[in-house]
Amino acid sequence: MAFETVKDVFARAGLADAEKFDVCLKTWRAQAATGSQEPQMAFFCRELGLTEDVMLQKLARTLGWAYVDLPSTAVVPEIRQKITTKVAFQFNALPTRFENGTLQITVSNPFNAALLNAVQFDARCPVQFALAPQMEIEKALKKYYGVGAETLDELAEDEPMELVVGEDKEITENDQEASVIKFVNQIIWEAFKDRATDIHFEPAEDELRIRYRIDGILHQTPMPPQLKRYQAALISRIKVMSGMDIAEKRLPQDGRINVRIKGEEIDIRVSTVPTVYGESVSLRLLTRGKIFLGMEKLGFGHREENAIRELIVKPHGILLVTGPTGSGKSTSLYAFLSTINSVHKRIITVEEPVEYELKGINQIAVRPEIGLTFAMGLRHILRQDPNVIMVGEIRDLETAEIAIRAALTGHLVFSTLHTNDAPSAFTRLVDMGIEPFLVASSVEAVLAQRLVRTICSHCRTEVQVDQDYLRRIGFPEEHMATAKFYKGAGCEQCRQLGYQGRQGIYELLVLNESLRPLILSRAAASTVATKAIEQGMRTLRNDGWDKVMQGKTTIEEILRVTQVEEHLDALMESHHTPAGGKK
């Protein structure tokens with residue numbers, strides 16, 4: 001469409017008079033000449049101070065086109081097949097309705113002649129255009145066709161090719177390499193945009209399912225139905241990228257990929273395991289720049305933070321961090337090490353794997369295949385004159401014994417255990433075979449933690465909660481009348497989930513003289529917990545309720561990540577924060 005015609009349409013729509021249009025057009029052309037990639041419609045929206053939906057609605061009325069509310073519009077497969085996937089994605093065009101032999105196709109730019117002509121030619125039937133915002137069309141295309149659908153169409157047309165191992169490369173949104181490479185890059189790109197920490201390729205009999213873990217929750221990603229056909233090629237590509245043996249499909253393998261996305265270094269840990277329907281592949285994305293290195297960012301309560309700051313500068317003893325996989329234990333340990341890191345302290349770690357590299361700290365990666373285990377690494381660390389030692393995890397008796405011996409001979413030791421709460425850590429060590437008197441004399445404190453999703457700040461709204469329900473779940477009685485509760489309504493920023501990001505909730509048990517006799521007598525974890533609570537320990541759920549009352553998370557999140565602790569049932573009547581209720 002000629003620019004004069006576009007100018008007339010803008011004038012008739014009341015968007016800009018001829019003079020204003022000419023100024024905008026001249027500015028956009030000058031900007032484009034310098035290499036700017038900003039689309040013309042987006043530029044006009046910004047210059048005229050309008051949102052895209054308002055501008056498109058005015059243009060639709062002027063042109064006599066429909067304006068489509070895509071989030072509330074369902075598109076059936078028969079209509080989607082009226083144009084090819086390649087054209088739909090290339091021109092950001094979505095078939096939305098087919099009536100009386102005419103196909104309605106929704107686009108975001110009514111003035112792109114190449115778009116309009118290509119879509120009309122591809123449809124091979126009468127076409128009526130409609131308008132909708134560009135982002136809504138892009139989301140609808142991914143929803144209905146699946147992520148990377150246009151790339152798979154290209155893959156079907158490609159000649160067989162040999163995958164070549166190359167250098168670590170920049171991943172961009174519009175990678176123009178071979179189709180299978182483009183598809184894998186696109187999956188990683190989408191995961192990065194969605195803040196995913198893990199990508200799982202899961203083969204089934206009739207499909208290859210791809211899921212992202214976002215804020216600790218798995219979400220299935222829409223995929224083209226023909227994806228299963230390219231399962232072998234995609235998995236081979238990932239294995240090539242991560243330095244694995246592509247011919248070995250019967251045994252598990254581990255690998256690593258380093259990529260840059262928008263200038264950010266991403267370390268991807270890759271694991272494959274053979275399943276009945278092919279190899280299952282998991283990718284863990286580690287973004288070095290996003291680790292929390294300041295304790296003030298971890299979400300500790302004032303009292304707990306002060307106590308931990310005192311613990312991590314002690315000359316000796318063990319500080320244990322407990323919780324299930326994915327509860328943020330490593331992040332806490334790195335924050336502690338960063339806080340005390342100085343030229344006056346020699347800090348050595350032994351980890352599996354080394355997730356983040358910390359300047360000034362000596363980090364050892366465990367390699368069981370050559371005999372470098374936690375126990376061996378820890379044993380040799382003691383000959384390196386360390387002040388502070390961090391052991392990634394205490395898994396066995398040998399590692400536990402060496403860690404305790406190190407703590408008793410003047411070293412400060414940080415490590416993790418897999419227990420559900422802080423008091424259970426003592427029972428776990430004793431069950432491993434450590435003598436109770438060694439546990440009682442070496443362990444200074446245990447920190448249990450979980451990660452809860454935080455409410456999206458863009459769509460946070462206040463909600464009313466029934467008080468009977470609050471009583472059933474053990475919410476503090478004294479706060480029921482005054483507490484305010486919030487949830488996320490769901491918006492574009494949080495992908496309609498209502499949550500964005502995560503924060504820790506904590507339970508800190510500091511060992512003192514009144515608790516040590518319980519450890520020595522092999523008391524049950526419930527007994528230790530009851531005594532610790534009497535002395536002021538706040539449980540995971542107590543801390544969770546505080547985060548709820550601060551408007552940071554929801555009741556449902558606290559119930560999801562904390563569980564009914566049997567030892568809390570024995571609390572004294574004077575305590576009003578039992579952790580009862582259903583998960």
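The values are calculated or read from the model by the stated rules, or taken from the named source; none is laboratory data. Keep in mind the model is a prediction, meaning the values are calculated, not measured. Here the Cβ positions follow ideal geometry from the backbone for every residue, glycine too, while neighbour counts run over all protein chains shown. The accessibility values were calculated without ligands, DNA or RNA, using every heavy atom of the protein model including side chains. Shrake-Rupley method; radii C 1.70, N 1.55, O 1.52, S 1.80 Å.
Note that the stretch 353-427 presents 44 Å² accessible area per residue, ligands and nucleic acids not counted, probe 1.4 Å. Length gained on full extension, residue 310 to residue 36, computed as 0.36 nm times the residue gap minus the Cα-Cα distance: 93.3 nm. Per residue, the stretch 433-508 exposes 47 Å² of accessible surface when a 1.4 Å probe is rolled over the protein heavy atoms with every protein chain present. Under 14 Å from a label point set 7 Å out along the Cα-to-Cβ vector of residue 478, no amide N atom of the stretch 521-535 is found. Rolling a 1.4 angstrom probe over the chain with all protein chains present gives an accessible area of which 50% lies on carbon and sulfur atoms. Measuring r between the beta carbons of residue 139 and residue 385 and using R0 = 51 Å, the FRET efficiency lands at 0.35.
Ordering 533, 231, 365 by the projection of their Cα atoms onto the charge dipole of the chain, which places +1 on the Cβ of Lys and Arg and -1 on the Cβ of Asp and Glu, puts 533 at the extreme positive end.
Net charge around residue 64, counting only other residues with Cβ within less than 13 Å of its Cβ (Lys, Arg = +1; Asp, Glu = -1)? That works out to +3. Full extension of the chain between residue 396 and residue 492 gives 29.9 nm of extra length, using 0.36 nm per residue less the Cα-Cα distance. Distance between the modelled labels on residue 90 and residue 29, one decimal in nanometres: 2.8 nm (7 Å Cα→Cβ projection).
Counting only DSSP beta bridges with both residues in the chain, what percent are antiparallel, rounded to the nearest 5?
Beta bridges within the chain, antiparallel portion: roughly 65 percent.
Computed about the Cα centre, the dipole magnitude for the chain is approximately 580 debye when only Lys and Arg (+1) and Asp and Glu (-1) carry charge, each at its Cβ. Centre-to-centre, using Cα atoms only, the stretch 429-451 and the stretch 108-122 are separated by 68 Å.
Remark: the stretch 3-87 carries 57 Å² of accessible area per residue (probe radius 1.4 Å; ligands, DNA and RNA excluded). Database note for the chain: Cys without another Cys beta carbon under 4.7 angstrom, 24, 45, 125. For the pair the stretch 199-255 and the stretch 320-371, the centres of their Cα atoms are 29 angstrom apart. In order along the stretch 414-421, phi translates into HN-Hα couplings of 10, 7, 10, 9, 9, 10, 7, 8 Hz, rounded to whole numbers, per the Karplus curve 6.51 cos²θ - 1.76 cosθ + 1.60 with θ = phi - 60° and x for Gly and Pro.
Each label was represented as a point 7 Å from its Cα along the Cα-to-Cβ direction; for residue 275 and residue 340 these points are 4.2 nm apart.
Where Lys and Arg each count +1 and Asp and Glu each count -1, what net charge lies around residue 220 among other residues with Cβ under 10 Å from its Cβ?
Its environment carries a net charge of +1.
What whole number of Å gives the distance from the Cα centroid of the stretch 509-554 to the Cα centroid of the stretch 127-145? Cα centres, the stretch 127-145 to the stretch 509-554: 53 Å. Considering helices alone, the calculated mean residue ellipticity of the chain at 222 nm is -10500 deg cm²/dmol, with DSSP H runs of length four and up weighted by -39500 (n - 2.57) and normalised per residue.
Net charge in the neighbourhood of residue 415 (other residues with Cβ under 11 Å of its Cβ; Lys, Arg +1, Asp, Glu -1) is 0. Modelled spin labels at residue 370 and residue 18, positioned 7 Å past Cα toward Cβ, are 7.8 nm from each other. Computed from Cα positions, the angle between helix 302-311 and the longest principal axis of the chain comes to roughly 60 degrees.
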